[in-house]
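Below: the structure, in structure tokens.
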Amino acid sequence: MSDKAIQKVLEHAREGLRARELFFEENAPQLVEIARVIALCLTEGGKVMFCGNGGSAADSQHLAAEFVNRFKLERPPLPALSLTTDTSILTAIGNDYGFDLVFVKQVQALGQAGDILVGISTSGTSRNVLAALREARTRGLVTLGMCGQFTAEMEPLCDHLISVPSKDTPVVQEVHIAAGHMLCHVVDHFLFESVMELGQGPA
């Protein structure tokens, strides 16, 4: 058995554990507040939309599925959708207008004031995600960004920003999905376990 291969596994695991521990230690209160904002949006008839590229596209549909189906708790479906899954829409917009607008035009078609757009970009610089966040802002949506340690381009476009303290793409993606799972978990808590807590805290 290759000692070098085993060492690669252990090094990646250790880096991921460090990033995950640091992230949750620093961001637990922020995650709870974001979950509260999402829960309030849903109680008011809004929906959550997700967008991203590559692995972040997979995370988008993964998290949308957790809301629509269920996470852990048996509860009614919650309105969420991924803007990364309809190949006809994506290729039509990409072909006619360019890849930078594949999410923008969907936000224009589907986004309503009070909805939430979650833009996921490990680099924090994905042009189509940034464009979608910008468009969402102009239409009165709440914007949530998820990125790695580079926040300069995404932060001005986001009402809430989840930043992972790493520049390693796989590590960032692993923490993103863990953070997304916690958002699902705490949204369910607010909506179905402890509704009294939902009205507490800043708007």
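What the table shows:
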read-out: Filter result (under 16 Å from the mean Cα position of the chain (by Cα) and either more than 19 Å from G45 (Cα to Cα) or free of Cβ contacts under 8 Å to residues at least 12 places away in the same chain (or both)) within region 105-126; value: G119, I120, S121, T122, S123, G124, T125, S126
read-out: Unique match (being within 22 Å of V175 (Cβ to Cβ), out of contact with any His (no Cβ under 7 Å at 6 or more places or on another chain) and free of Cβ contacts under 8 Å to residues at least 12 places away in the same chain) among G94, G54; value: G54
read-out: Those residues of region 35-49 which are within 17 Å of H185 (Cβ to Cβ) and of a type in the set (A, V, I, L, M), in sequence order; value: A35, V37, I38, A39, L40, L42, V48
read-out: Subset of region 105-121 that is touching a strand residue (DSSP E or B) at 6+ places or on another chain (Cβ under 7 Å) and in a loop (DSSP other than H, G, I, E, B) - its residue that is surrounded by the most Cβ atoms within 10 Å (Cβ to Cβ); value: S121
read-out: Complete set of residues in region 149-177 that are at pLDDT 95 or above and in contact with a Lys or Arg (Cβ under 6 Å, 6 or more places away or on another chain); value: L157, V175
read-out: Filter result for F67 (in contact with a Leu (Cβ under 9 Å, 6 or more places away or on another chain), of a type in the set (F, W, Y) and closer than 15 Å to V129 by Cβ); value: no
read-out: Filtered residues of region 143-163 (kept if of a type in the set (A, V, I, L, M, F, W, C) and buried (at least 21 other Cβ atoms within 10 Å of the Cβ)); value: L144, M146, C147, M154, C158, I162
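For (1) outside any helix (DSSP H, G or I); (2) buried (at least 22 other Cβ atoms within 10 Å of the Cβ), each residue gets a yes or a no:
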{"residue": "S123", "(1), (2)": "yes, no"}
{"residue": "R137", "(1), (2)": "no, no"}
{"residue": "P165", "(1), (2)": "yes, no"}
{"residue": "Q173", "(1), (2)": "no, yes"}
{"residue": "H176", "(1), (2)": "no, yes"}
{"residue": "V187", "(1), (2)": "no, yes"}
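The values are calculated or read from the model by the stated rules, or taken from the named source; none is laboratory data. Just so you know, these numbers come straight off a predicted model, no measurement behind them. Cβ sites come from the backbone with ideal geometry, for glycine too, and all protein chains shown count toward neighbours.
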